[in-house]
Structure formats: C-alpha cells, structure tokens
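Nothing in this text is a laboratory measurement; each read-out follows from the coordinates by a stated rule. Predicted model, so just to flag it, every value in this text is computed and none were measured. Here Cβ is always computed from backbone atoms with ideal geometry, including for glycine, and neighbour counts include all displayed protein chains.
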Amino acid sequence: MTGSGPRSTELEQLRRLVEERTADLQRVKAEYDNYRKRVRRDRLAVREIAVANVVRALLPVLDAVDRALAHEPLTPGLKDITDSLQEQLGSLGVTSFGEVGDPFDPDCHDALAHHVSPDRDRLVCSAVLRPGYRLGEHLLRPATVEVTGPAPPARNPLTTAGGPQRHRSCSWHPRG
C-alpha cells in the first residue's frame, strides 16, 4: 500500500491535467466555431452590401430601359435586353414594386403629388412615375408615385413658438 499512495496522487494529478486540457480544448473549439460563424455572417453581409451598391448604380439603366419600353416599339433586341436584365436581377433577389392601386406607404413610396378625392378614405397610388426596388427585404429605392385620397389634415401654424411644424401624420408629403 505504500506504493499506491504516491501512485494515487500521480494518477490524480494526471486526471486533473487531462480535465484541464480537455476544458481548454473545448474552449478553443467553441471560440473557433464562433469565429467561423462570425466570418460567414460578415462575408454574407459584405456580399449583400456589394450587390446592393452595384444594383443601385444600375438603377438609371433600368429606368432608361423602362422609358424605352414605354416609348419605343418592342424589338427583339430590346426584348432580349429586358428579359436578361429581369432574369439576372431576379437571380440576385431584386424585385421591383409600385403599382397603381397600391395603398400608399411612406416607408416605401415617395409621393410627388396629392390629388384630393372625397370618395376615398385612404391614400392610394394613382400613378407610378418611377418603380421602387428591393433587394430581399432591404429597400434600394422607394417608388415615386402620385397619390389620390382624402384631403390632408389642416395645419395649425401656431403650434409652437418655433413656428409651423410638419406633422408626422401628414404622410402625403414627399420624403426629403
């Protein structure tokens, strides 16, 4: 039994050392897993930003194609360009929006004109001057529209000592 005493403590020390090294290894593995997840998330974010920047730069081209479609006869070449643009943008997750009859939403529409119609109870897009675009859930550009609906609420120019205030409820104002 005298031989088992020092051997027992040596065995205990080895067990503690193995437990410490195992805990260290688990900690390093967890840190590495978190690092990989963070790098993947950052890469996806950078890709999304890069795609958004390229698409924003191409929006004037899309507008020019839309104008050409509205004013020119549809030739095979123009149809190929239009189809190719729509296919490529769709593959990137870009969608256009803004239709006549859509409810006006100041978060995704810029209203340039407001036509009063007493028979309407809410603002509706009555003309789309320029479509809006989204990349997934991110707004690239609001749709530029004219709206038709009830008259805006009356303003009180004496609301504060600082003068007239723009009321948030007056959503028919174009965003600036």
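So if each residue of separation counts as 0.36 nm, and I subtract the Cα-Cα distance between Leu74 and Thr22, what length gain in nm does that give?
On the way: separation 52, 0.36 × 52 = 18.72 nm, distance 6.99 nm.
Extending this stretch completely gives an extra 11.7 nm.
Filter the trypsin sites (Lys or Arg not before Pro) in the range 98-138 down to the DSSP loop ones having no more than 15 other Cβ atoms within 10 Å, then list what survives.
When the trypsin sites (Lys or Arg not before Pro) of the range 98-138 are filtered for loop state and at most 15 Cβ neighbours within 10 Å, Arg120, Arg122 remain.
May I ask for the net charge around Thr22, where only other residues with Cβ less than 12 Å from the Cβ of Thr22 are counted and Lys, Arg are +1 while Asp, Glu are -1? Can you show the working numbers first?
Values: positive: Arg15, Arg16, Arg21, Arg27, Lys29; negative: Glu19, Glu20, Asp24.
Summing Lys and Arg as +1 and Asp and Glu as -1 gives +2.
Restricting to Cα pairs below 8 Å that are 6+ residues apart, what does the relative contact order work out to for the range 59-144? Please round to a whole percent.
30 percent.
Amide H to amide H, which residues 5 or more places from Ala127 or on other chains are under 5 Å from it, using H placed in the peptide plane?
Glu146
I need two numbers for the chain: Rg to one decimal and Dmax as a whole number, Cα atoms only, in Å.
Values for the chain (Cα only, Rg and Dmax): 30.9, 104 Å.
Helix 76-92: angle to the longest alpha-carbon principal axis of the chain, degrees 0 to 90, nearest 10?
The angle comes out at about 40 degrees.
Assuming a ≥ b ≥ c are the square roots of the Cα gyration tensor eigenvalues, decide whether the range 1-89 counts as rounded (a/c under 1.5), prolate (otherwise, with a/b larger than b/c) or oblate.
Details: a/c = 15.29, a/b = 6.53, b/c = 2.34.
Because a/c hits 1.5 or more and a/b exceeds b/c, the range 1-89 counts as prolate.
Place a +1 charge on the Cβ of each Lys and Arg in the chain and a -1 charge on the Cβ of each Asp and Glu, then give the dipole magnitude about the Cα centre in debye, rounded to the nearest 20.
Working: 25 positive and 24 negative charges, 159 e Å.
Dipole about the Cα centre, nearest 20: 760 debye.
Could you tally the net charge around Arg41, taking each other residue with its Cβ under 14 Å from the Cβ of Arg41, Lys/Arg +1 and Asp/Glu -1?
Once positives and negatives cancel, what remains is +3.
How do the peptides 39-47, 96-104 rank, highest first, by the average count of neighbouring beta carbon atoms within 10 Å per residue? Present the calculation step by step, with values, prior to reporting the outcome.
Details: 39-47: 10.0, 96-104: 15.0.
Order by mean packing, descending: 96-104, 39-47.
Tabulate in residue order the Karplus-calculated ³J(HN,Hα) for the range 49-58, using 6.51 cos²θ - 1.76 cosθ + 1.60 with θ = phi - 60°, rounded to whole Hz; enter x for Gly and Pro.
Each residue's phi maps through the Karplus curve to give 5, 5, 4, 4, 5, 5, 5, 4, 5, 8 Hz.
For the chain, with the dipole built from +1 on Lys and Arg beta-carbon atoms and -1 on Asp and Glu ones, taken about the Cα centre, which of Ala23, Pro153, Val100 lies farthest toward the positive end?
Ala23
Rounded to whole Å, give me the distance from the Cα center of the range 117-141 to that of the range 1-60.
47 Å
Sorted by packing (mean other beta-carbon atoms within 10 Å per residue), highest first, where do 87-94, 8-15 land?
Working: 87-94: 13.2, 8-15: 10.2.
So the peptides 87-94, 8-15, ranked by packing, come out 87-94, 8-15.
Using the Cβ atoms and a cut-off under 12 Å, what net charge is assigned to the surroundings of Gly98, where Lys and Arg are +1 and Asp and Glu are -1?
Counting the neighbours of Gly98, the net charge comes to -3.
Report the relative contact order of the chain, percent, no decimals, based on alpha-carbon pairs under 8 angstrom and at least 6 residues apart.
On the way: 178 pairs, mean separation 30.2, N = 176.
For the chain, the relative contact order is 17 percent.
Among Arg38, Arg16, Arg155, which one moves the most in a GNM of the chain with springs linking Cα atoms closer than 10 Å?
Evaluated over the chain, the most mobile residue of the options is Arg16.
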